[in-house]
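Here is the structure we will look at, set down as structure tokens.
The values are calculated or read from the model by the stated rules, or taken from the named source; none is laboratory data. Note that this is a predicted model, so its numbers are computed, not measured. Cβ atoms come from the backbone with ideal geometry, glycine included; neighbour counts cover every protein chain shown. For accessibility, only protein heavy atoms count, side chains too; no ligands or nucleic acids. Shrake-Rupley method; radii C 1.70, N 1.55, O 1.52, S 1.80 Å.
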Amino acid sequence: MSLEPDLQTAVNGISNLRITTDQKLLDGLSQLSNCASKEDLHLSPISRKKRRPDLKTLIENQQILYYKQFLGSITEIRDGVEHLHSNLSDLNEICESMSTNLRASKQSSRNLIDEISKLESERKKLMVEKNLAQAYLNAFQLSGEDLKILRTTDSSTAILNEDFFKVFERIQQIQTNVAILLKVGHQATAVEIMDQMGLLHETALEKIYRWAQSRVKHVENPELSDVLAKSLSYLQIRPMLLKYVLDEYCTHRRSLFVRSYIDALTGAGNIKGIELIGGADPARYIGDMLAFIHQSIPNEKENLTILLKHCNKIDLNDKIVTCMSTIMDGVCRPLNVRLEQTILSGLDCPVMNKIDMCIKFYVETIEQILPVSNLLATLTELYSLCHQTFINQLRCQVQAEVGEYRPPGPDLTPSPIIQALLSLLGDLLKDTLPSSPEQAEILIQLVTSPVVSQINDVANRLGSPDMGVYLCNCLNQINIFLEIYPITKTISNTLKSQIDSQMDRLSSEQSSWLIAQLGISHMYTILNDKVETPLSTVPGMDSASLKIFVNKLDSVINDPESVLLPQIYHLSDTGTRKYVQQQSFRILAAIYRKVYEAVINPKNGYPSEILKMDPKTLEDSLCSDTTEVDTKDT
Amino acid sequence: MSSGPYNYSYIFKYIIIGDMGVGKSCLLHQFTEKKFMADCPHTIGVEFGTRIIEVSGQKIKLQIWDTAGQERFRAVTRSYYRGAAGALIIYDITRRSTYNHLSSWLTDARNLTNPNTVIFLIGNKSDLDAQRDVTYDEAKKFADENGLKFVEASAKTGENVEEAFLETAKKIYESIQDGSLDLNAAESGVQKKPTANGARTLSSENAEGRNPSSCSC
Ligand SMILES: Nc1nc2c(ncn2[C@@H]2O[C@H](COP(=O)(O)OP(=O)(O)OP(=O)(O)O)[C@@H](O)[C@H]2O)c(=O)[nH]1
Ligand SMILES: [Mg+2]
């Protein structure tokens, strides 16, 4: 029964059991359920009873345990907090020290910044100084590279390159700069640099000079010509060096030129030489030689022009001409020998004349190209030699011919020597006249005057009409020859006036002859005597005499030639002959007119119709054919 | 540097011949300067002109000698034929007499040059067609009969001037190519330049000895 209440209670409990929803209660129960282990449930109720206080203890123990645990935990927390505290304290300390550090480093940063800015300004200052120094170096010193270029270049260098010339220009620039420096007053430095640069400058110049000298003969090489030209332009500041280089060049070209001249003369291999022509045609031989020389000039000129094209500090033209002269002068000796030999080899006058003109042409040509040269001097000398020789020779030949001159035969024809000399003169003039009228005049003089004086000499030994006829014949022959040449006016005029005076003399002789032939000289005297008595009563003027006169006149009109002086027939020139004849007929006509006037004058008592012809008709019939001849001749 | 003054491989010598006043100097001037000289004085003796041309890719320098047509210079000018590679014979299409003299010019050219010399006949003043005195056909026939090249040209307008000079050079060049022209003969009127790439070649002793450019100009 003891169980009953318990069970009762338990059943009651169960019956009153409601599903509790109180969470706290549920938690507590579930907590409690842990207190009893499974075995506890299997305990017998006695033991369970016995163990009932145990639950309380258990719960209390549990509680104590919890408290202990809690205490433990709290202790731990406290330890933790203490630890944290100590850590924090440490941290704090660290922080504090950090802060101190920071403060310190802040200070030092500030210091650093100060320092940096100080350094910066220092750096700037140094940069300026460095730039200054660089500028100084640039202005007054060569760079290592420059020096190396300078050092490694010499006359064996194939081609002086751009860099070398740049270095050279730098040196020159520095020298200009130093001059300024000197002016500004940095004496010591300036002098030092000047010495240094002077040395380098000389070295560089020397190198240019050596190089140019060894290469200058190759100006025709397209790769060298420009560099050579440039080199020479730099050498201008040392005229002597420039001169040496050009001397070298000229010597080289000169010997080449002489050699090519000799080659051209003699021919080399299968080349036909100028000298081959020499024997057959000396004038052409000389012409070809001189033409060869002339034709070499443009090439030399071109080379020199290229070589000196950058030279702006010298009289370029003068230099080129001087050099060309030096080069061309090489042929003077061989040329002189050959020309002299030819000139003195006793050539014919016409050939000499050709050579004379040829050399003269080249004297004039060369004078324009190389006015101061041995070549010109040589040619001028050769010209005068040639000219002298030629003139002498011509003079001698004319003299010799004239020496052979013989007086004329009865036909009064000119000596064949005149013709020979005139054809020689013609030969000479053919070449001379077109190019040198003055020379032609001289030649004409040289040939004609000895002949003319010889003709005069011979003529003077002849009797009167013979002399006139002979002179007319000879001088006319000369004059007809000269008339072809437009320049011979003075000589021709002299001859003409001489001929004219001879013609006048012949005319008067012919007139006298005619008057004598007609036997009218006394008529003429009577008419001029102003007789008072009627003329028909004067002997010699009576009608019978007049009749005879008229008959003679008729025969003259019928055959005018019949009353010519025999020598007049020998006048070779029909014009002259007619002129002389005409002059005499004019005089005859004039006499007739006087007679006629006297006859028709009633005071003279002539029968009418004694003179049928009036003077005009007579004059016309005598002189008309003469005018015809005149027009034919002119 | 390759465009320098010496950048050519050959030098050809030309002569220009023909009666006075036919326009020889004007043709030369037109060719070298590309200008017409309206009042050109008579040439005294000889004059000289030069120009570099190109034939088949080769640069050739022409050295041209313009001779005086006046009779009085004939003796002098004859000496300039020697060694010409090309001869241009000129007549004036408006003056028959200048055409009639061609055979005498041709005889001179044949006698005084060498067999390889290229002879070119030019009828000048083709711009003056209205005053023409010699027909094209007639001159062409003459040229053909004598184996000459022929054009009518005008130094005034420049017509055919370039062509005549170039054509002549071309023919000369052909003779060199086919070997009929002996370059070693100074008479040929042609010189070969030492070499274009030549510091080395030139400085060698043998090349120095005979610099051809200096010998037959
Ligand atoms: N209309 C015309 N006139 C020309 C031509 N060529 C030349 N002339 C004229 O002809 C004249 C003579 O020309 P030049 O060149 O002096 O003759 P050239 O042959 O050299 O004469 P020389 O030197 O005496 O032998 C000049 O007045 C020129 O103006 C041309 O093509 N047309
Ligand atoms: Mg001319």
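Annotations for the structure displayed:
- Cβ-Cβ FRET estimate between B:SER97 and A:ILE487, R0 fixed at 30 Å, reported to 0.05: 0.75
- Radius of gyration (Cα atoms) of the stretch A:508-633, expressed as a multiple of 2.2 N^0.38 Å: 1.11.
- When each of A:LYS207/A:LYS319; A:LYS489/B:LYS156; A:LYS24/A:LYS68; B:LYS125/B:LYS170 is checked by Cα-Cα distance, pairs over 32 Å: A:LYS489/B:LYS156
- For a label point 7 Å along the Cα-to-beta-carbon line of A:GLU162, residues of the stretch A:220-242 with backbone N under 20 Å: A:222-234
- Hypothetical label at A:SER562: residues of the stretch A:586-622 whose amide nitrogen lies under 16 Å (7 Å Cα-Cβ projection): A:622
- Helical mean residue ellipticity (222 nm; -39500 (n - 2.57) per DSSP H run of 4+; nearest 500) of chain A: -27500 deg cm²/dmol
- Across the stretch B:1-77 the C-alpha pair distances fall into 5 Å bins from zero in the proportions 3, 15, 23, 21, 15, 11, 8, 3, 1, 0 percent.
- Between the stretch A:542-568 and the stretch A:475-524, the alpha-carbon center distance in angstrom: 24
- Carbon/sulfur fraction of accessible area - the stretch A:201-278, other protein chains in place, 1.4 Å, %: 54
- Linear extension gain, A:GLN173 paired with A:GLU248, 0.36 nm per residue minus alpha-carbon span: 24.0 nm
- Normalised by residue number, the volume inside the convex hull of the Cα atoms of the stretch B:75-120 is 70 Å³ per residue.
- P(r) of the stretch B:84-190 over all Cα-Cα pairs, binned every 10 Å from zero, in whole percent: 15, 44, 30, 10, 1
- FRET efficiency estimate (nearest 0.05) - Cβ-Cβ, B:SER180 to B:GLU159, R0 25 angstrom: 0.20
- Length released on extending from A:ASP348 to A:ARG593, taking residue separation times 0.36 nm less the Cα-Cα span: 82.0 nm
- For B:LYS140, the aspartates and glutamates whose Cα comes closer than 12 Å to its Cα, not counting residues fewer than 8 places off in the same chain, are B:GLU152.
- Angle in degrees between helix A:489-518 and the longest Cα principal axis of chain A, rounded to the nearest 10: 20
- Label-to-label distance, nm, for residues given as A:GLU275 and A:LEU102 (7 Å Cα→Cβ offset): 11.5
- Note on the protein assembly as shown: Cα-only Rg and Dmax are 64.1, 258 Å.
- Cα long-axis angle, helix A:374-403 against chain A (0 to 90 degrees, to the nearest 10): 10
- Of all accessible heavy-atom area on the stretch B:4-201, the percent that carbon and sulfur account for (1.4 Å): 48
- The 3J(HN,Hα) values that the Karplus relation (6.51, -1.76, 1.60; θ = phi - 60°) gives for the stretch A:341-348 are, in residue order, 4, 5, 4, 8, 8, x, 7, 5 Hz. Gly and Pro appear as x.
- Inter-label distance for A:ARG78 and A:LYS603, nm, one decimal - labels placed 7 Å from Cα along Cα-to-Cβ: 21.3
- About the Cα centre, charge dipole magnitude for chain A (Lys/Arg +1, Asp/Glu -1 at Cβ), debye: 2900
- Within the straight-line cut-off of under 28 Å between alpha carbons, the lysines reachable from A:LYS130 are A:LYS118, A:LYS148, A:LYS166, A:LYS183, sequence neighbours fewer than 8 places apart in one chain being disregarded.
- With each label modelled as a point 7 angstrom along the Cα→C-beta vector, the A:THR152-A:ARG110 pair spans 6.0 nm.
- Pairwise burial A:B, computed as accessible area of each alone minus the pair, summed, 1.4 Å, Å²: 3700
- Against the empirical curve 2.2 N^0.38 Å, the C-alpha radius of gyration of the stretch B:4-201 lands at a ratio of 1.00.
- The alpha-carbon of A:LYS594 sits under 22 angstrom from the alpha-carbons of these lysines, leaving out residues fewer than 8 places away in its chain: A:LYS530, A:LYS547, A:LYS552, A:LYS603, A:LYS612, A:LYS616.
- Within-11-Å neighbourhood charge of A:SER436 [Cβ basis; K, R +1; D, E -1]: -3
- Long-range amide H partners of B:VAL118 with built H, under 5 Å: B:GLY86, B:ALA87
- Kirkwood estimate for the stretch A:242-402, i.e. one over the average of 1/r between Cα atoms, Å: 16.9
- In a fully extended conformation the segment linking A:SER508 and A:SER117 would gain 127.0 nm over its present Cα-Cα distance, using 0.36 nm per residue.
- Rg/Rg_globular for the stretch A:418-505, with Rg_globular taken as 2.2 N^0.38 Å and Rg from C-alpha atoms: 1.11
- For the stretch A:310-320, the Karplus equation 6.51 cos²θ - 1.76 cosθ + 1.60, evaluated at θ = phi - 60°, returns couplings of 8, 6, 10, 9, 10, 6, 4, 4, 4, 4, 4 Hz by residue, with Gly and Pro reported as x.
- 1.4 Å probe accessible area per residue over the protein assembly as shown, in Å²: 52
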